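The values are calculated or read from the model by the stated rules, or taken from the named source; none is laboratory data. Given the structure is predicted, the values throughout are model-derived calculations rather than measurements. Glycine also receives a Cβ, built like all others from the backbone with ideal geometry; neighbour counts cover every protein chain displayed. These area figures cover heavy atoms from the full protein model, side chains too; ligands, DNA and RNA do not enter into them. Shrake-Rupley method; radii C 1.70, N 1.55, O 1.52, S 1.80 Å.
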Amino acid sequence: MNSNLKYPKALENSNSLVAKYLTKELFEELKDRVTINGFTLQNVINSGVQNIDSGIGAYAGDKESYEVFAPLFDKIIEDYHGFKKDDKHKTNMNPNDLNAPNLDIDSQFIISTRVRVARNIKDIPLGTAISKELRDKIEQDISQTLLSFDGELQGKYYPLNNITLDDRESLIKDHFLFKEGDRFLQSAGLNRDWPNARGIFHNSDKTFLLWINEEDQLRIISMQQGGDIKEVFTRLVLAIKKLQEKIKFEYDKHLGYITSCPTNLGTAIRASVHIKLPNLSTKMDEFKEIADKYSVQIRGIHGEHSDSEGGVYDISNKRRLGVSEVECVQDMYNGVQALIKREKELRNKNY
Ligand code: ADP
Ligand code: DAR
């Protein structure tokens, strides 16, 4: 029993989805619940309580968290994804179903393209609740599996412990490596024992990369310079299929691929381009209007909570649950196509 647990007053000053939906009544209903891995309501909301500027404020400790704390998570999921309790997720990773001829053959606008998915290992607690021993085992098992990859996917695993600070900073600057977990991840328990059992695998061209034990246990990444979105997606699907031959991922027929943060549920995919839009970025209202119309997000070039640099923006799909992987990548493609069309019109008008 956790009867001495009191409703966190900090939430009264927050605009997060946890603050919005965790009423005092719901808090009383959920405060004594705990998952099979010992994850409590306090664990679920700690990030949102410690960081009142959170957008969401909640993390799951395991697949069961989404069932045990469903009265809270279901509301967060419906608000963020527009996905209701009885809705069904779907999947389609067939690149042939993606209609995406290269939008920028002469590289006037798109600097680089990246498509990533998050995955977690079936029947293992998420990074928020995992033990050091199990996290170490995940690193060993996944890096061992990757050693068998050949052809374009052949590469090398670099444990974070063995990467010098200079090399880490250079890999982060060049967008290949994750930044050290921010305060949101810290409060969610995702930075425990950092940097042990964290690392990056990549091929010699750094077009196929895999992060181990960051926010999720795997971040499977395909990326390259230029705007050939279909080629990037095709490589990602090849890597996912190869990994699935050896590893079982946590999946739910309603929520799709299970992730520590509810914003990544479903396909757990982010398809993005880094793009130069010097004219459209002087008309941010119009820029945002086009982005909203095509369900794409405008972000800075170092991902979450970062700023645009040199007029370069990160444009990525907003939808990822209740839609297929092909639909998410198509969303991004269609949004980028509309942004480039408008950029060209404004550029021609200015000449
Ligand atoms: P997540 O995959 O968790 O959403 P972010 O979007 O925050 O991660 O990006 C993680 C890293 O990948 C950041 O350093 C970001 O700069 C880099 N990145 C994202 N999209 C691209 C892209 N299209 N080209 C190059 N780097 C990218
Ligand atoms: N910063 C946390 C998580 C938002 C989604 N981003 C992730 N999962 N990286 C928040 O609640 O704002």
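Tell me, please, whether a residue that is acidic (Asp, Glu), at pLDDT 95 or above and open to solvent by 50 Å² or more (accessible area, probe 1.4 Å) can be found in region 104-113.
Checking region 104-113: not a single residue is acidic (Asp, Glu), at pLDDT 95 or above and open to solvent by 50 Å² or more (accessible area, probe 1.4 Å).
Tell me which residues, restricted to region 331-351, are touching a strand residue (DSSP E or B) at 6+ places or on another chain (Cβ under 9 Å) and either aromatic (Phe, Trp, Tyr) or not in a helix (DSSP H, G or I) (or both).
Within region 331-351, just TYR333 meets the criteria.
Going residue by residue through region 247-266, is there one that turns out to be open to solvent by less than 30 Å² (accessible area, probe 1.4 Å), over 30 Å from ALA70 (Cα atoms) and among the charged types (D, E, K, R)?
No, every residue in region 247-266 fails to be open to solvent by less than 30 Å² (accessible area, probe 1.4 Å), over 30 Å from ALA70 (Cα atoms) and among the charged types (D, E, K, R).
Which one is surrounded by the most Cβ atoms within 10 Å (Cβ to Cβ), of the residues in region 88-103 that are farther than 17 Å from GLU325 by Cβ and more than 14 Å from ligand 1 (Cβ to nearest atom)?
Let us first name the residues in region 88-103 that are farther than 17 Å from GLU325 by Cβ, namely 101-103.
Okay, now just the ones that are also more than 14 Å from ligand 1 (Cβ to nearest atom), so 101-102.
On the way: PRO101: 10, ASN102: 15.
Among residues in region 88-103 that are farther than 17 Å from GLU325 by Cβ and more than 14 Å from ligand 1 (Cβ to nearest atom), the one surrounded by the most Cβ atoms within 10 Å (Cβ to Cβ) is ASN102.
Assuming LYS137 fulfils every condition listed in (1) surrounded by 15 or more Cβ atoms within 10 Å (Cβ to Cβ); (2) under 22 Å from the mean Cα position of the chain (by Cα) apart from one, which condition is it?
Here LYS137 clears every test but (2).
Answer yes or no as to whether ILE200 is under 15 Å from the mean Cα position of the chain (by Cα), crowded, with 19+ Cβ neighbours inside 10 Å, in a strand (DSSP E or B) and at pLDDT 95 or above.
So ILE200 does not fit the description; no.
What residue, among those in region 279-315 that are within 12 Å of ligand 1 (Cβ to nearest atom) and not in a strand (DSSP E or B), is surrounded by the fewest Cβ atoms within 10 Å (Cβ to Cβ)?
Selected residue: ASP307.
Step by step: first the residues of region 128-163, then only those that are assigned to a loop (DSSP other than H, G, I, E, B) and either at pLDDT below 95 or touching an Asp or Glu at 6+ places or on another chain (Cβ under 8 Å) (or both), then the one that is nearest to ALA188 (Cα to Cα). Which residue is that?
ALA129
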